[in-house]
Amino acid sequence: MSTDNAEIVPQEDMPRRLDRRGFASRLGLFLFRSREASIAIAGIVLVLYFQTTAPAFLSPGNIANLAGYAATTSIIAAGEVMVLISGEVDLSAGQVYALSPFVMFYAQQAGIPFVLAIIIGLIPAALIGLITGLITVGLEIPSFITTLGTLFLINGVTLTISGGFPVQPNPGPVIAGIFGGNAYSQIIWALAIMLIFQFILVKTRWGMHTIATGGNLNGAKEVGIKTGWVKIGNFVLCSLLGGLAGILDSFRIGSIDPLAGGTDIMFMAIASAVIGGTLLTGGSGTIVGALLGAAVLGILKDGFTLSGVSAYTFDMILGAAILITMLINVRLSRLRAAGGKR
Amino acid sequence: MSEEMLRTEHISKSFGRVTALKDTSIHLDKGEVLGLLGDNGAGKSTLLKILTGFHQPSGGKIFFQGKEQVLKSVGYARSLGIEPVYQDLALINELSVYRNMFLKRELMFGGFLRILDDGAMRKQAKEKLKLMGVNIPSVDVEISKLSGGQRQAIAVARSVYANAKVLLLDEPLAAMGVKESTMILDVIGRLKEKGDVSVIIVAHNYAQVFDFCDRINLLQNGEITFNQKTSETSVEELTSLVVSEYRLARGRGPTV
């Protein structure tokens, strides 16, 4: 039992003690403290490795290809991070990714201007988030089950309204250029969304209540936080980002496919969040980390393709990478906790 | 006669067939520290949860500052100034000390964006904790880095800061070492000196809190069986009372 902790050593002592050491150990401490930094380092190492094995890796064409892929994943991952921090999970974001562009397309076909059609495409996304949240919170069903159900439901809806065939949107160069029609536009969207959501998470009351809800649900309720609405709100945000990612991708790819996205992109987004340092148990996470996680996954996937490694091997390596990251995360957070107490 | 803060009259509460409280009447004056003692299962937690608005009583009346009140929700009880400090403390491990102090009472700017004013919250939290004599390394550390006593002190400080008129402390010394208990009792002592907050301490270990209470109520089997000023009783008397009750119950057993 911790009986003599009433006057524990002030925390400020730790960096002071370390200041006497050299630059290297201070850098080590920074990397140890910051989850984001360690992932960024991993990303840089991977880039260097792939550049030596496949010189085309850093060519403009490949960078655009890689960035386009990572950007979309990171946008969905930002939403998943919010939901995961609040203590839930959204498995249906990848299906919303497929549905929203179709709704947008049909709205535009009906004569609605493109910008307005994009907004109309996002309405079902928001509604799906709202309904998922209401079912999860209201009926106290684990979100894993709720969103597993909506995953199939939405997929069926998308296949039905599309008849199973892809369609081609014709937005014109301006609209396409603004809404993700090229890799640079997608990168700007991804970075802007990362900044906005990181700000929401660390500097606003919404972010603080989200952390409180996932960190200590009963405690948050006891102080009067409406934890149900916090969860529902984050489901809506996640769903909206799923829909937005789908719409942006439809302009980049130039085609809307009813089978695009799905569980593949959803699991990639969750993997990005987890590799980036977000806990599946709630209460803790980072949007910046999720973007870096998506970048690392993109680099891995793209690098292996360029070096001629087959897709089967990629999945094995991805699986191993997730397991190793989880192990390191668990070890690191234990070490961090111990370091703080000493 | 000092000003009355809180009074219950003939409060009862049953959960299905189980009767947790039979007929409980207590009162609390302004600035008074009342020790609500009793064994495990005596009904202490039930009474506390009725006072916080968490449970609704099956019968009886509650008066706050002389006015009859129905404590219909935790939020309503809190709006009156009844602030509970739960056993689980309702602190968020992942948030800093000052953010926990302002949880649900955040200082913000930026209109609908609700941006947190961390600077102001940090400063006020520091001042308040210093005033209450709570000693922690920094208000920026996460709650998870603090000891049990420090956490308890922060939970108490948070409630006091919320302009509590009546503070309900549920087993504040449970699972705490000597040094930590002293820290909490110091904080309570300081509150008592100021005299603008009334306190109910719920505890099963009465020896620990005895000196800090003005009055002792003993709750046994859902009834108040003892009500004395601390100056007119002693730990020994309480012990013999509890023991004789226990013997009585045991002696009664086979004959009934």
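The values are calculated or read from the model by the stated rules, or taken from the named source; none is laboratory data. Here the structure is a predicted model, which means the values were calculated and not measured. Please note: Cβ atoms are built from the backbone with ideal geometry, for glycine as well, and neighbour counts cover all protein chains shown.
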- Query: Do you know which residues across segment B:135-158 are within 12 Å of chain A (Cβ to nearest Cβ), hydrophobic (A, V, I, L, M, F, W, C) and outside any loop (DSSP other than H, G, I, E, B)?
  - Reply: B:ILE143, B:ALA153, B:ALA155
- Across (1) more than 16 Å from the chain's Cα centre (by Cα); (2) closer than 24 Å to A:ASN65 by Cα, A:ALA294 clears everything bar (1)
- Task: Could you please find all residues in segment B:195-239 being in contact (Cβ under 8 Å) with a residue 40 or more places away in the chain and either part of a helix (DSSP H, G or I) or exposed (fewer than 12 other Cβ atoms within 10 Å of the Cβ) (or both)?
- Result: B:GLY195, B:ASP196, B:TYR206, B:VAL209, B:PHE210, B:PHE212, B:THR230, B:LEU238
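Within segment A:201-225, which residues are without any contact (Cβ under 8 Å) to a residue 12 or more places away in the chain, part of a helix (DSSP H, G or I) and either surrounded by fewer than 22 Cβ atoms within 10 Å (Cβ to Cβ) or within 19 Å of the chain's Cα centre (by Cα) (or both)? Write out each step before concluding.
Pass one, segment A:201-225, residues without any contact (Cβ under 8 Å) to a residue 12 or more places away in the chain: A:202-205, A:207-208, A:218-224.
Filter once more, so that each one left must be part of a helix (DSSP H, G or I): A:202-203, A:205, A:207-208, A:218-222.
Once the filter is applied, which keeps residues that are without any contact (Cβ under 8 Å) to a residue 12 or more places away in the chain, part of a helix (DSSP H, G or I) and either surrounded by fewer than 22 Cβ atoms within 10 Å (Cβ to Cβ) or within 19 Å of the chain's Cα centre (by Cα) (or both), segment A:201-225 yields A:VAL202, A:LYS203, A:ARG205, A:GLY207, A:MET208, A:ASN218, A:LYS221, A:GLU222.
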- Task: Examine segment B:117-134 for a residue that is buried (at least 17 other Cβ atoms within 10 Å of the Cβ) and either at the interface with chain A (Cβ under 7 Å from one of its Cβ atoms) or at positive phi (or both), and state whether such a residue exists.
- Result: no
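Would you pick out the residues in segment B:102-116 that are in a loop (DSSP other than H, G, I, E, B) and either more than 12 Å from chain A (Cβ to nearest Cβ) or out of contact with any Asp or Glu (no Cβ under 7 Å at 6 or more places or on another chain) (or both)?
Going through segment B:102-116, the residues in a loop (DSSP other than H, G, I, E, B) turn out to be B:102-107, B:110, B:114.
Across segment B:102-116, the qualifying residues are B:PHE102, B:LEU103, B:LYS104, B:ARG105, B:GLU106, B:GLY110, B:ARG114.
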- Any idea which of A:THR52, A:THR72 is in contact with an Asp or Glu (Cβ under 7 Å, 6 or more places away or on another chain) and modelled with pLDDT of 85 or more? A:THR72
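Kindly indicate whether A:VAL103 is of a type in the set (Val, Ile, Thr) and exposed (fewer than 13 other Cβ atoms within 10 Å of the Cβ). Don't jump to the end; show me each part of the working.
Numbers: of a type in the set (Val, Ile, Thr): yes; exposed (fewer than 13 other Cβ atoms within 10 Å of the Cβ): no.
So A:VAL103 fails the test.
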- Query: Is at least one residue of segment B:145-155 over 16 Å from the mean Cα position of the chain (by Cα), within 25 Å of A:SER86 (Cβ to Cβ) and buried (at least 20 other Cβ atoms within 10 Å of the Cβ)?
  - Reply: yes
